[in-house]
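The structure appears below as structure tokens.
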Amino acid sequence: MPEGYLPLFVFLIVALLFPVVLLWAAALVRPSTPGQVKHEAYECGIEAASNARGRYTVRFYIISILFVIFDVETVFLFPWAVRYRQLGWFGIGEIGVFLLILVAGYIWAWQKRALEWV
């Protein structure tokens, strides 16, 4: 075995043993008093009203994804606003196409009634 790989293997062994040793040491030190109260969900001192694994409608996910898409897409306006003078008319055309695509997606989502909560 070439001696150039020895530090790599030492690092790999340390990287694998470090979390195992720490978890083992924590298990030895921590107090272990399981009980019914410790296994319940904590909601500000109030008993849980329902199961945490409730179902959500698909509309909730559609609205959240649309929000993320439109929110992240508008973040791309900031670098353009910082450099719009250096970009000239080409930059204005680029951002115009970008906003046109963004507005077209918004209109499409509106026509599909994806933005209505109820």
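Every number here is computed from the coordinates shown, using simple stated rules; none is lab data. Predicted model only: the values in this text are computed from it and were never measured. Note that each Cβ is placed from the backbone with ideal geometry, even for glycine, and that neighbours are counted across all protein chains shown.
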### Task
Can you pull the one-decimal nm distance between simple spin-label points at Leu87 and Leu102, each 7 Å off the Cα toward Cβ?
1.0
### Query
What is the local net charge at Thr57, summed over the other residues whose Cβ is closer than 14 Å to its Cβ (Lys, Arg +1; Asp, Glu -1)?
+2
### Task
Would you kindly work out the equivalent ellipsoid of segment 3-111 from its C-alpha gyration tensor and give its semi-axes, the square roots of five times the eigenvalues, largest first in whole Å?
49, 33, 13
### Message
If each residue of separation counts as 0.36 nm, what is the full-extension length gain between Glu47 and Ile13 once their alpha-carbon separation is subtracted?
### Response
7.7 nm
### Task
Could you pull out the longest piece of the chain with no exposed loop trypsin sites (Lys or Arg not before Pro) in it, calling a site exposed if DSSP puts it outside H, G, I, E, B and it has at most 14 other Cβ atoms within 10 Å?
56-111
### Task
Please check the chain for the longest run free of GluC sites (Glu not before Pro) that are loop-located per DSSP (anything but H, G, I, E, B) and have at most 11 other Cβ atoms within 10 Å.
48-115
